[in-house]
1. Using a probe of 1.4 angstrom, how much of the accessible area of the stretch 36-147 is carbon and sulfur, in percent?
2. Tell me, what is the FRET efficiency for Ala36 and Asp124 to the nearest 0.05, using R0 = 22 angstrom and their Cβ-Cβ distance as r?
3. Applying 1/(1 + (r/R0)^6) with R0 = 22 Å to the Cβ-Cβ distance of Ile139 and Leu26, what FRET efficiency is obtained, to the nearest 0.05?
4. Let me confirm the definition first: pairs of Lys residues in the chain, 8 or more apart or on different chains, C-alpha distance under 19 Å. How many are there?
5. How would you rank 139-146, 16-23, 74-81, highest first, on the average number of other Cβ atoms within 10 Å across their residues?
6. Measuring with a 1.4 Å probe in the full set of protein chains, what accessible area per residue, in whole Å², belongs to the stretch 1-123?
7. Among rounded, prolate and oblate, which fits the stretch 1-46 when a ≥ b ≥ c are the square roots of the eigenvalues of its C-alpha gyration tensor, a/c under 1.5 means rounded, and a/b larger than b/c means prolate?
8. Given Cα pairs under 8 Å that are at least 6 residues apart, what percent is the relative contact order of the chain?
Amino acid sequence: MIAIGSDHAGFRLKEEITKYLQCRGLEFRDFGTFSAESTDYPDYGEAVGKAVASGECEKGILVCGTGVGIGISANKVRGVRCAVCSECYSAQMARLHNDANVIAIGERVVGPGLALKIVETFLDTEFEGGRHARRVGKIMAIEDRQH
Ligand code: RB5
(Lines give C-alpha, C1' and ligand atoms only; values in the text may rest on other atoms or scores of the structure.)
Protein backbone atom coordinates (compact mmCIF):
# COMPACT_ATOMS: atom_id res chain seq x y z
CA MET A 1 0.00 0.00 0.00
CA ILE A 2 1.32 3.43 -0.99
CA ALA A 3 0.34 6.63 0.82
CA ILE A 4 -0.04 9.75 -1.30
CA GLY A 5 -0.80 13.34 -0.43
CA SER A 6 -0.38 16.91 -1.63
CA ASP A 7 -1.36 20.47 -0.92
CA HIS A 8 -3.24 22.63 -3.46
CA ALA A 9 -0.01 23.44 -5.35
CA GLY A 10 0.63 19.74 -5.87
CA PHE A 11 -2.95 18.67 -6.44
CA ARG A 12 -2.81 18.30 -10.24
CA LEU A 13 0.40 16.32 -10.17
CA LYS A 14 -0.98 14.13 -7.38
CA GLU A 15 -3.90 13.31 -9.67
CA GLU A 16 -1.46 12.33 -12.45
CA ILE A 17 0.48 10.14 -10.04
CA THR A 18 -2.65 8.39 -8.73
CA LYS A 19 -3.65 7.63 -12.35
CA TYR A 20 -0.19 6.17 -12.89
CA LEU A 21 -0.48 4.01 -9.75
CA GLN A 22 -3.90 2.80 -10.92
CA CYS A 23 -2.48 1.91 -14.34
CA ARG A 24 0.20 -0.18 -12.64
CA GLY A 25 -2.40 -1.85 -10.44
CA LEU A 26 -0.71 -0.57 -7.28
CA GLU A 27 -2.85 -0.06 -4.20
CA PHE A 28 -2.73 3.39 -2.66
CA ARG A 29 -4.42 5.49 -0.03
CA ASP A 30 -4.99 9.13 -0.96
CA PHE A 31 -4.71 11.46 2.04
CA GLY A 32 -5.80 14.50 0.01
CA THR A 33 -6.03 17.32 -0.70
CA PHE A 34 -8.92 16.76 -3.07
CA SER A 35 -9.15 20.12 -4.84
CA ALA A 36 -7.02 23.10 -5.90
CA GLU A 37 -8.42 25.19 -3.02
CA SER A 38 -5.69 26.69 -0.85
CA THR A 39 -4.61 24.51 2.06
CA ASP A 40 -1.56 23.85 4.27
CA TYR A 41 1.14 21.38 3.19
CA PRO A 42 2.21 20.30 6.73
CA ASP A 43 -1.15 18.56 7.24
CA TYR A 44 -0.52 16.21 4.32
CA GLY A 45 3.16 15.69 5.06
CA GLU A 46 2.24 14.60 8.57
CA ALA A 47 -0.64 12.34 7.47
CA VAL A 48 1.40 10.51 4.84
CA GLY A 49 4.43 10.36 7.13
CA LYS A 50 2.38 8.78 9.92
CA ALA A 51 0.86 6.23 7.54
CA VAL A 52 4.35 5.12 6.51
CA ALA A 53 5.91 5.28 9.97
CA SER A 54 3.06 3.20 11.45
CA GLY A 55 3.53 0.49 8.82
CA GLU A 56 0.05 1.01 7.36
CA CYS A 57 1.76 1.97 4.09
CA GLU A 58 5.14 0.81 2.79
CA LYS A 59 6.04 4.01 0.98
CA GLY A 60 4.77 7.54 0.63
CA ILE A 61 4.56 10.05 -2.21
CA LEU A 62 4.11 13.76 -1.50
CA VAL A 63 3.66 16.75 -3.79
CA CYS A 64 3.58 20.47 -3.07
CA GLY A 65 4.78 23.46 -5.08
CA THR A 66 8.46 22.69 -4.55
CA GLY A 67 8.33 19.42 -2.60
CA VAL A 68 10.35 21.16 0.09
CA GLY A 69 7.73 22.20 2.65
CA ILE A 70 5.79 18.96 2.52
CA GLY A 71 9.06 16.99 2.64
CA ILE A 72 10.30 18.88 5.70
CA SER A 73 6.94 18.22 7.36
CA ALA A 74 7.05 14.48 6.67
CA ASN A 75 10.59 14.29 8.05
CA LYS A 76 9.31 15.56 11.40
CA VAL A 77 7.49 12.24 11.85
CA ARG A 78 9.67 9.72 13.68
CA GLY A 79 10.63 6.88 11.32
CA VAL A 80 10.27 8.86 8.10
CA ARG A 81 13.12 9.31 5.64
CA CYS A 82 11.73 11.64 3.02
CA ALA A 83 13.83 12.72 0.02
CA VAL A 84 12.91 15.75 -2.09
CA CYS A 85 13.76 14.78 -5.67
CA SER A 86 13.65 16.69 -8.96
CA GLU A 87 15.42 14.10 -11.09
CA CYS A 88 15.73 10.31 -11.30
CA TYR A 89 19.33 9.92 -10.14
CA SER A 90 18.56 11.34 -6.69
CA ALA A 91 15.41 9.22 -6.46
CA GLN A 92 17.44 6.11 -7.29
CA MET A 93 20.18 6.93 -4.79
CA ALA A 94 17.64 7.87 -2.11
CA ARG A 95 16.43 4.27 -2.30
CA LEU A 96 19.78 2.51 -2.86
CA HIS A 97 21.74 4.33 -0.17
CA ASN A 98 19.28 6.11 2.12
CA ASP A 99 16.35 3.66 2.14
CA ALA A 100 14.04 6.65 1.71
CA ASN A 101 10.50 5.60 2.53
CA VAL A 102 8.84 8.81 1.31
CA ILE A 103 9.53 10.96 -1.75
CA ALA A 104 8.52 14.59 -2.19
CA ILE A 105 8.19 16.22 -5.60
CA GLY A 106 7.49 19.83 -6.64
CA GLU A 107 4.71 20.33 -9.17
CA ARG A 108 6.14 23.79 -9.90
CA VAL A 109 9.62 22.34 -10.38
CA VAL A 110 9.26 19.32 -12.66
CA GLY A 111 6.91 18.50 -15.51
CA PRO A 112 4.49 15.59 -15.20
CA GLY A 113 6.49 13.28 -17.47
CA LEU A 114 9.65 13.58 -15.41
CA ALA A 115 7.65 13.39 -12.17
CA LEU A 116 6.24 10.01 -13.18
CA LYS A 117 9.73 8.71 -14.01
CA ILE A 118 10.91 9.91 -10.59
CA VAL A 119 8.00 8.06 -8.95
CA GLU A 120 8.73 4.94 -10.99
CA THR A 121 12.40 5.02 -9.99
CA PHE A 122 11.49 5.50 -6.33
CA LEU A 123 9.02 2.60 -6.35
CA ASP A 124 11.17 0.16 -8.33
CA THR A 125 14.56 0.60 -6.65
CA GLU A 126 15.50 -1.59 -3.68
CA PHE A 127 17.69 -0.54 -0.75
CA GLU A 128 21.25 -1.82 -1.19
CA GLY A 129 21.86 -2.52 2.51
CA GLY A 130 25.41 -3.37 3.57
CA ARG A 131 27.42 -0.34 4.66
CA HIS A 132 24.42 1.83 3.86
CA ALA A 133 22.37 0.02 6.50
CA ARG A 134 24.87 1.18 9.14
CA ARG A 135 24.54 4.77 7.98
CA VAL A 136 20.76 4.66 7.82
CA GLY A 137 20.86 3.19 11.33
CA LYS A 138 22.88 6.20 12.42
CA ILE A 139 20.28 8.53 10.90
CA MET A 140 17.54 6.82 12.85
CA ALA A 141 19.61 6.88 16.05
CA ILE A 142 19.55 10.68 15.88
CA GLU A 143 15.81 10.44 16.58
CA ASP A 144 16.51 8.37 19.69
CA ARG A 145 18.77 11.10 21.05
CA GLN A 146 15.98 13.68 20.87
CA HIS A 147 13.68 14.14 23.84
C1 RB5 B 1 2.19 26.89 -1.56
O2 RB5 B 1 2.05 28.13 -2.16
C3 RB5 B 1 3.66 26.52 -1.48
O4 RB5 B 1 4.31 27.33 -0.58
C5 RB5 B 1 3.82 25.05 -1.12
O6 RB5 B 1 3.14 24.26 -2.03
C7 RB5 B 1 5.24 24.53 -1.09
O8 RB5 B 1 5.92 24.84 -2.26
C9 RB5 B 1 6.00 24.81 0.13
O10 RB5 B 1 7.12 24.34 0.32
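The values are calculated or read from the model by the stated rules, or taken from the named source; none is laboratory data. This is a predicted model, so every value here is computed, not measured. Counting neighbours? That spans all protein chains shown, and the Cβs are built from the backbone with ideal geometry, glycine included. Each accessible area value is taken on the protein alone, full model and side chains, heavy atoms only, with ligands, DNA and RNA left out. Shrake-Rupley method; radii C 1.70, N 1.55, O 1.52, S 1.80 Å.
1. Roughly 52 percent, rounded to a whole number.
2. 0.15
3. Values: r = 27 Å, r/R0 = 1.21.
With R0 = 22 Å, the Cβ-Cβ based efficiency is 0.25.
4. So the count of such lysine pairs works out to 10.
5. The densest-packed peptide leads the list: 74-81, 16-23, 139-146.
6. Per-residue accessible area for the stretch 1-123 comes out at 44 Å².
7. Oblate shape, in that a/c is at least 1.5 and b/c is the bigger or equal ratio.
8. Relative contact order for the chain comes out at 23 percent.
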